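Quick notes on the structure that follows.
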Amino acid sequence: MLSSGRHLGVADVVGSNLDWTVQLDEVRVGFGPKQILKGISANLPKGKVTAIIGPTGCGKTTLLRSINRLHDRRPGFNLKGRILLDGESIYAGSTDVRELRRRVGMLFQRPNPFPQSIRENISLGARIHGLWSRADVSTKTEYLLREVGLWDAVHDRLSSTPFSLSGGQQQLLCMARVLAVEPNVLLLDEPTSSLDPHSTTRIEELIAGLKEKMTVIFVTHNLQQAARCADEILFLEQGEVVEQAPVKQFFDDPADPRSRAYISGWAV
Amino acid sequence: MRFNLTAGGAGDSAGPTFLPSARRLAGADLTGRDRAVRWVLLGAGLVPTLMLLFLTAEMVREAIPAFVYSGWGLFTGHVFTFGNLYVTKLTVHNGVSAPHGAAYGALPFIFGTLVSSLIALIVAVPVAVGAVLALTERVPARLQPGVSVFLELLAGMPSVVYGFWGILVFGPILAQHLFPVLTHLGGVLPFFKGSVGYGEGLLTASLVLAIMIIPIIAATTRELVRTVPILAKEGALALGMTQYETAKVVTLPYVRRGILAAAILGWARALGETMAVLMISGDLLNGFPANIYSPFSTIAATIVAMLDSALTDATGMAIHALAAIGVILLVITLVTNLLGRLIIRRVSHGVVLPVGRGV
Ligand SMILES: Nc1ncnc2c1ncn2[C@@H]1O[C@H](COP(=O)(O)OP(=O)(O)O)[C@@H](O)[C@H]1O
Ligand SMILES: [Mg+2]
C-alpha cells in the first residue's frame, strides 16, 4: 500500500464498501484560521486495530476526536471533507450525535471516571441509552469488571468512589464504562501513556481481544506498542497522511522516506 | 524575648536544620525590623477575633437585664412590647424593673427569621445552580466575563432598592398573579390557604430575600463549575450523554460540597438582612402569620423598627430587650454556620473529593 494515490474520491466512498468501518474523505479540520488537519484520507478496516502514529502536534488527537464529534462545541471548529461510519456521513445534519457517540466509544489520555460510585460509572451510560434495565445492572457490571480484570480489586466496594483506585485501575474502569454501551468503534488516545506497566499490558490484551467485536483505532507515541498491538499503521505528519500500511510492511519496508526516518529516529 | 508564629521553636535545638525556611520562621536570623513587622502582622491577625469577642461580650452584657426579666419567656413568649413608657409605674420581675406592662417575647421574630430565610434558601439554591449551569453551557465564552460582572452588580445592590422594588412592584404582582394560584396547594399544605393580602408578608419577603441571595450563591457556584475539569465532562459527552445528563452525572457531584457552602453563605445573608425585610414584612408584632402570605417580622427588622422608641425608655430595659434579641440572632447565625460546616464535613466524610486533583 502506497501513500500516494490513496486519496479517495467521493465516488469511491459512496455505495460504500463495508470492509471499512471508518472512512476519512479529505478531512480538513481547523480551529479559527489555524488549519490542523490538511486533507486526511484513509480507510480504517473493520475488525482490525489501526494505530495512528506521528510526532507530537501532528494532529492525532484532533483526528480521533473528530470521529465522535467531540470538537463540536469548540469555538472556531470547522471541518471540511467527510467522515463516514459504516458508509454514512457523521457530520450530516441528520446524524443523531448521541447515538453516534454510543457507537464510537472513546478512552482518553488520562483516566476520567465520573464522580459517582464504581457501579454507576459502568451502568449510567448503559442505563441512559436504554441498553440495561435496572435488573441487569449487577450481573452486567460484574461481567464487564471481570472482562477488564478489575473484579477482584473492586467487587467489595462497588458503591464507593473510583478516585481511590490507582490510575491504571481507573483507566480500566473507564474502559469497562465504554464497553457497557456496546460500541462498534473504539477510539483510544494514548490510553496507556500515564499508566503502570501492569495496567498497560492489561489494556493491550484488551485491545487484542476486542477487535473480534469492534474496530479499534488507537493513538500512540510508542512505536513498540504500535508494532505489538496494531494490524494497520496510519502515519501522520503535520496534519497530513504520510503513509498507511499493514504493520509488518510499515516497519520492515516503509514506502515513504519520511516513515523510514521516523522509525529509525525512534529506534535510536 | 522570643515568640514563634509557627511551632518551629524546636527546630533550633534538635529539629530539622535542613529546612532553612523553618529556621527563618523560628526567628533565628531576624533583624529588628523583621521582628517589628511580625508583631504588626500578628496584631492584625488578632484584630478580627478580638473584635468578635468584644462585640459579643458587649451585646451579652447589654442584654443581661432583659434575660433576667423575661427568663425563658424571651424565647417562648409571643408578645413583645416595651410597656407604657409614659407613666412612672413599673413592673418588677425577677428583681428587675421595667415599664408597666413590658413583655419581651421574641418567638414570633425567631420564627420569622428562620422561616423566611429557609424559604429564601429553598427557592434560591435550585434557581442559582440551574441558572449557572444554563449560563456556563449556553453563553459563549467571550460573554462570560459580562455575566460575572452582572452577578456582582446584583449582589452589591443596596437592599433598600430591593425593598422598594419588592413593596411597589414585586409584591403587588405576586399577590395578583402568583399567590391566588398557590392557594390551590392549600389542600396539601394548609399554610398556603386563605387570604393572599396585598403582597406584604412572609412569602413576598422570602422571595425578595431569595432574589437577593441568588447572586451570592450563583457567583460562588459559577466559580466552582469553572474548576470542573473539561476532561471529566468529556468522558460523559463521549459516552453519548446530553449536556443535562453531563451536568447531573459529572458537574454537580464535583461542586456539590461547594454549593452547600455557598448556600450557607447565602443563608447567613438572609438571616441578617434587615432593610428589605422591614419594608416588605408588613411588620407584624405579637403573633404569628396566619398563612404564608401574611405579615410577619424578623429579629433584624424588629431591632431597626423599634430602636427609636426603645431609646425613650427611661429604665433602659427596652434597649436591653433589643440587645437580647440581637444576641439571639447572633447565636442563630453562629449555630447555622457551625451546622453548615458540620454538614459539609459529614457529606465529604470518607470521600476523596476529586476537585483539584487534576484528573
Ligand atoms: N481547540 C484547539 N484550538 C486551537 N488549536 C488546537 C486545538 N486543539 C489542538 N490544537 C492544535 O492542533 C495541533 C495538533 O494537536 P493534537 O491533535 O493534540 O496533536 P497530537 O495529538 O498529534 O499531539 C497542535 O498544534 C495543537 O496546538
Ligand atoms: Mg495527542
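Summary table below
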{"quantity": "Surrounding net charge for B:A205, when Lys and Arg each add one and Asp and Glu each subtract one, Cβ distance under 15 Å", "calculated": "-2"}
{"quantity": "With 10 Å bins from 0: P(r) over the range B:132-171, alpha-carbon pairs, percent", "calculated": "27, 34, 28, 11"}
{"quantity": "P(r) tail fraction, the range A:148-268 - alpha-carbon pairs more than 24 Å apart, %", "calculated": "36"}
{"quantity": "Normalised contact order of chain B, rounded percent, pairs of Cα under 8 Å and 6 or more residues apart", "calculated": "22"}
{"quantity": "When each of A:K60/A:K213; A:K34/A:K60; A:K140/B:K233 is checked by Cα-Cα distance, pairs over 18 Å", "calculated": "A:K60/A:K213; A:K140/B:K233"}
{"quantity": "Solvent accessible area, Å² - B:F67, 1.4 Å probe, full protein context", "calculated": "60"}
{"quantity": "Rounded accessible area of B:M279 (nearest 10 Å², 1.4 Å probe)", "calculated": "50"}
{"quantity": "Neighbour net charge for A:A153 - beta-carbon separation under 15 angstrom, K R +1, D E -1", "calculated": "-1"}
{"quantity": "Amide proton proximity set for A:V241, modelled H, under 5 Å, gap of 5+", "calculated": "A:S41"}
{"quantity": "Sequence-separation-based contact order of the range B:109-305, relative, with Cα cut under 8 Å and 6+ spacing, percent", "calculated": "36"}
{"quantity": "Ellipticity estimate at 222 nm from DSSP helix runs (n ≥ 4, -39,500 (n - 2.57)) divided over chain B, nearest 500", "calculated": "-19500 deg cm²/dmol"}
{"quantity": "Probe 1.4 Å - accessible area at A:V216, Å² to nearest ten", "calculated": "0"}
{"quantity": "Average beta-carbon neighbours from other chains, 10 Å sphere, peptide A:81-91", "calculated": "0"}
{"quantity": "Where trypsin sites (Lys or Arg not before Pro) fall in DSSP loop in the range B:84-147, at most 14 other Cβ within 10 Å", "calculated": "B:K89"}
{"quantity": "By accessible area with a 1.4 Å probe, ligands and nucleic acids excluded, highest first: order of B:F296, B:F191", "calculated": "B:F191, B:F296"}
{"quantity": "Given A:K38/A:K211; A:K48/A:K248; A:K38/A:K80, the pairs whose alpha carbons are separated by over 18 Å", "calculated": "A:K38/A:K211"}
{"quantity": "Peptide-level mean, for A:60-72, of C-beta atoms on other protein chains within 10 Å", "calculated": "1"}
{"quantity": "Residue (of A:G149, A:C174, A:W132) at the positive-pole extreme of the range A:102-191, dipole from beta-carbon charges", "calculated": "A:W132"}
{"quantity": "Chain B: DSSP helices with Cα axial extent of at least 27 Å and average Kyte-Doolittle hydropathy no lower than -1.0", "calculated": "B:32-70, B:107-138, B:202-226, B:252-272, B:317-347"}
{"quantity": "Residues whose placed amide H lies under 5 Å from that of A:I52, excluding near-sequence neighbours", "calculated": "A:F218, A:V219, A:T220, A:L234"}
{"quantity": "Selection from A:S89, A:S160, A:L210, by position along the positive dipole direction of chain A (Cβ)", "calculated": "A:S160"}
{"quantity": "Gyration tensor over alpha-carbon atoms, the range A:17-264, equivalent ellipsoid semi-axes in Å", "calculated": "31, 21, 16"}
{"quantity": "For A:245-251, mean number of other protein chain Cβ atoms within 10 Å", "calculated": "0"}
{"quantity": "Shape box of the protein assembly as shown [Cα atoms, principal axes, largest first, Å]", "calculated": "113, 75, 50"}
{"quantity": "Mean separation of Cα contacts under 8 Å (6+ apart) over length of chain A, as relative contact order %", "calculated": "27"}
{"quantity": "Peptides A:207-214, A:131-138, A:23-30 ordered by average Cβ neighbours within 10 Å, highest first", "calculated": "A:23-30, A:207-214, A:131-138"}
{"quantity": "Equivalent ellipsoid semi-axes - Cα gyration tensor, the range B:109-305, angstrom", "calculated": "35, 18, 15"}
{"quantity": "Where only alpha carbons of the range A:28-131 are counted, the Rg and the Dmax (Å)", "calculated": "15.4, 43"}
{"quantity": "Peptide ranges B:153-160, B:330-337 listed from the most packed, as the mean C-beta count within 10 angstrom indicates", "calculated": "B:330-337, B:153-160"}
{"quantity": "Viscosity 1.306 mPa s, 10 °C: Kirkwood-radius Stokes-Einstein D of chain B over Cα pairs, µm²/s", "calculated": "66"}
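The values are calculated or read from the model by the stated rules, or taken from the named source; none is laboratory data. These figures come from a predicted structure and were not determined experimentally. When we count neighbours, we look across all protein chains shown, and the Cβ atoms used for this are built from the backbone with ideal geometry, even at glycine. The area values use the complete protein model at the heavy-atom level, side chains included, leaving out ligands, DNA and RNA. Shrake-Rupley method; radii C 1.70, N 1.55, O 1.52, S 1.80 Å.
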